[in-house]
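Notes to accompany the following structure.
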Ligand code: DOR
């Protein structure tokens, strides 16, 4: 290998190459040279090249998860930038955006630079931080957005918390427009959420748990749409969970409002009835909703009204989960299960095609964050994900690269896994054959 290990030419052959950015879906070889895609097509291997044979597999632009919580700085016991980036690579993600709800909060250029530096050192995935909307994510004063953008944030968000103050949200959208970055909003109107720990409805009543009204999400979504309409700033709705929110986003898109949105695998797979187990791995914000919402999310994914699938990877210690439902920390890890879940429950049953999957998990997040990835066009940086659609896997949280184990998918039997991830032409993950 040449110094740095990355510059040997690499030929990925016999995979079905799916790249919506160039309207490409054909069995072809991908030649990677000096960290970039050199050519795609019929290519005869040369002796000096590394060759990876991928019959039956799908090769696509590297997947991008635009909603990840790395816990560094502050809670390195749950996740570090390095462990999170390795979990991303293992799950088939070559890039991620990490949220600013760390300790200290990423609301200034020093923390932004720290996270970026840590990300570069891992060399496992491209780590792009989001900066906070408000100082300390306290909702009172706007953070130094310009400075953070200069230092490298690709979006701003108070995720984990809503931006409660309408005037601050308005100003955030105005600023974000200047820098052409999205404001990613965690829509959860505090009064309506009323401190609930699960979805408010028949199940919460039956279980006697305090409910969080679905109106809490819808109310903030509608507010954001109005403010985006007025300011022209781009708003991205994080972890969409209700059918009403989706309805308003569809309407807003028809009107040309600059809105995009994402849904997590858990919100298109699991309903709040699971909370009856009191398993705290079913606790997250927003909470799991009703079956009709789960189905609405799937429809939105299939018909194009939802732009992205993002995991909201939220690592927590066993201690923080091993308590009552009300007291448990909200959130689940998702980087290592997303691809198999999407493959097993959306692509295999034919709800969405492979091409749409690649749009949802690479092309669209790239377009929203302006990363310049999400494509295999010749000359572009060789971030590549290879999926083996037939690879069977029983999820075992003990084998996660993530430092945390909080997943409701433990023991699920899935099909379709990322077997190879390249970042800048370097192999950052390769699953041994047959495992
Ligand atoms: O469930 C969640 N956990 N939702 C969020 O918005 C924040 C996240 C976390 O940071 O743990």
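Comparison of 228, 245, 241 shows that the only residue that is closer than 20 Å to residue 131 by Cα, crowded, with 23+ Cβ neighbours inside 10 Å and modelled with pLDDT of 95 or more is 228.
Looking at residue 86, is it surrounded by fewer than 20 Cβ atoms within 10 Å (Cβ to Cβ) and either within 13 Å of residue 385 (Cβ to Cβ) or within 22 Å of the chain's Cα centre (by Cα) (or both)? Lay out the reasoning, then the answer.
On the way: surrounded by fewer than 20 Cβ atoms within 10 Å (Cβ to Cβ): no; either within 13 Å of residue 385 (Cβ to Cβ) or within 22 Å of the chain's Cα centre (by Cα) (or both): yes.
Spelling it out, it is not the case that residue 86 is surrounded by fewer than 20 Cβ atoms within 10 Å (Cβ to Cβ) and either within 13 Å of residue 385 (Cβ to Cβ) or within 22 Å of the chain's Cα centre (by Cα) (or both).
The set of residues from the range 163-186 being surrounded by 23 or more Cβ atoms within 10 Å (Cβ to Cβ), within 16 Å of the ligand (Cβ to nearest atom) and free of Cβ contacts under 8 Å to residues at least 60 places away in the same chain comprises 163, 183, 185. Applying a threshold of 6 Å to beta carbon distances and a minimum spacing of six or more residues, or different chains, the list of pairs starting in the range 305-326 at a residue that is closer than 26 Å to residue 276 by Cα and ending at one that is away from the ligand (no atom under 13 Å from the Cβ) and not in a loop (DSSP other than H, G, I, E, B) reads 310/65; 310/66; 311/65; 311/338.
Return yes when residue 200 is away from the ligand (no atom under 16 Å from the Cβ), over 25 Å from residue 129 (Cβ atoms) and touching a strand residue (DSSP E or B) at 6+ places or on another chain (Cβ under 6 Å) and no when it is not. The answer is yes for residue 200. Do the conditions hold for residue 62, that is, is it within 15 Å of residue 428 (Cα to Cα) and in contact with a strand residue (DSSP E or B) (Cβ under 8 Å, 6 or more places away or on another chain)? The answer is yes for residue 62. Within the range 53-70, identify whether any single residue is part of a strand (DSSP E or B), out of contact with any helix residue (DSSP H, G or I) (no Cβ under 8 Å at 6 or more places or on another chain), modelled with pLDDT of 95 or more and surrounded by fewer than 20 Cβ atoms within 10 Å (Cβ to Cβ), and answer yes or no. Within the range 53-70 (the criterion being part of a strand (DSSP E or B), out of contact with any helix residue (DSSP H, G or I) (no Cβ under 8 Å at 6 or more places or on another chain), modelled with pLDDT of 95 or more and surrounded by fewer than 20 Cβ atoms within 10 Å (Cβ to Cβ)), the answer is yes, since at least one residue qualifies.
Please enumerate the residues belonging to the range 122-141 that are at negative phi and crowded, with 17+ Cβ neighbours inside 10 Å.
Here is the first cut: in the range 122-141, the residues at negative phi are 122, 124-135, 138, 140-141.
122, 124, 125, 126, 127, 128, 129, 130, 131, 132, 133, 134, listed by residue number.
Which of the following residues is more than 16 Å from the ligand (Cβ to nearest atom) and at positive phi: 56, 119?
Details: 119 fails: at positive phi.
Every option except 56 fails the conditions.
The values are calculated or read from the model by the stated rules, or taken from the named source; none is laboratory data. Since the model is a prediction, treat every value here as computed from it, not as a measurement. Cβ sites come from the backbone with ideal geometry, for glycine too, and all protein chains shown count toward neighbours.
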